[in-house]
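All remarks here apply to the structure that follows.
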Amino acid sequence: MIVSNVQHYKQERHLWPAAVQRGIDYILTRNLSEASLGRHALEGENGELMFANVQEAETRPAQEQLPESHAVYTDIQFLVSGEEKICFTKLHADIAVKENKFESHDIAFYELNGDEPETEVVLKPGMFAVCFPSDIHRPNCLVTEPRTNRKIVIKIHKDLLQL
């Protein structure tokens, strides 16, 4: 997991995988924060290697948000407006899968038993979290009260992250 913001991006970008750098660059140079809602192809035929999902979503209490992970794509969750809490824990063999949709939608949902420590990060506009396949994440959690957020989720195919 990487958590940062656009204010520190130039100083930190050299530390991150090239595909993550490109994903943030696309957000900043293609004006994706003002793009229409939905999927926008960035790399590969029809965006299968990298694409952006521009979303508006209502935050909800963390206990109402299912923890999730992906097998093929890494997420960059970039907050455009609003605020949200995103919770993280590391994937391991003892965590129970509640619903496995890896084959059809590259997502699995988990049942955390309460013994799993989750790290909570509050995202404000201009902040982003990079969620790798080993990061179970619970996005769109409210901080103090429900609100509608605008965010960009860049999806980076695993082939772009291999050395």
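The values are calculated or read from the model by the stated rules, or taken from the named source; none is laboratory data. Every value quoted in this text rests on a predicted model; they were computed, and no experiment measured them. Using ideal geometry, Cβ is built from the backbone for each residue, glycine included, and neighbour counts are taken over all protein chains shown.
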Query raised in the report: Does any residue of the range 31-52 turn out to be in contact with an Asp or Glu (Cβ under 9 Å, 6 or more places away or on another chain), surrounded by 17 or more Cβ atoms within 10 Å (Cβ to Cβ) and over 14 Å from residue 157 (Cα atoms)?
Result: no
Query - Residue within the range 154-163 that is out of contact with any helix residue (DSSP H, G or I) (no Cβ under 7 Å at 6 or more places or on another chain), in contact (Cβ under 8 Å) with a residue 60 or more places away in the chain and in a strand (DSSP E or B) present - result: yes
Requested in this report: For residues that are touching a helix residue (DSSP H, G or I) at 6+ places or on another chain (Cβ under 8 Å) and basic (Lys, Arg), tally how many sit in the range 23-53.
Outcome: 1
Query raised in the report: Any residue at all in the range 99-120 that is farther than 28 Å from residue 13 by Cα, polar (S, T, N, Q) and under 19 Å from the mean Cα position of the chain (by Cα)?
Result: yes
Query raised in the report: Which of (1) in contact (Cβ under 8 Å) with a residue 12 or more places away in the chain; (2) loosely packed, with under 13 Cβ neighbours inside 10 Å does residue 72 not meet, given it meets every other one?
Result: (2)
Query raised in the report: Considering only residues of the range 78-90 that are crowded, with 22+ Cβ neighbours inside 10 Å and closer than 24 Å to residue 101 by Cα, which is nearest to the chain's Cα centre (by Cα)?
Result: 78
**Report entry** Test for residue 142: is it farther than 14 Å from residue 78 by Cα and either surrounded by 15 or more Cβ atoms within 10 Å (Cβ to Cβ) or among the basic types (Lys, Arg) (or both)
**Finding:** yes
Report task. Within the range 131-163, count every residue that is farther than 19 Å from residue 44 by Cβ and in contact with a strand residue (DSSP E or B) (Cβ under 9 Å, 6 or more places away or on another chain). Result -> 18
Query raised in the report: Applying the selection to the range 18-34, what residues are modelled with pLDDT under 95 and over 16 Å from residue 53 (Cβ atoms)?
Result: 28, 29
Report summary line: If you go through 59, 148, the only one that is surrounded by 15 or more Cβ atoms within 10 Å (Cβ to Cβ), closer than 22 Å to residue 37 by Cβ, touching a residue at least 60 places away in the same chain (Cβ under 8 Å) and polar (S, T, N, Q) is 59
Query - Count of the range 116-137 residues which are assigned to a strand (DSSP E or B) and surrounded by fewer than 20 Cβ atoms within 10 Å (Cβ to Cβ) - result: 4
Query raised in the report: Looking at 140, 149, 113, which is the one that is farther than 20 Å from residue 27 by Cα and either at pLDDT below 95 or assigned to a strand (DSSP E or B) (or both)?
Result: 113
Report task. Within the range 23-46, track down each residue that is free of Cβ contacts under 8 Å to residues at least 40 places away in the same chain and under 17 Å from the mean Cα position of the chain (by Cα). Result -> 25, 28, 37, 38, 39, 40, 41
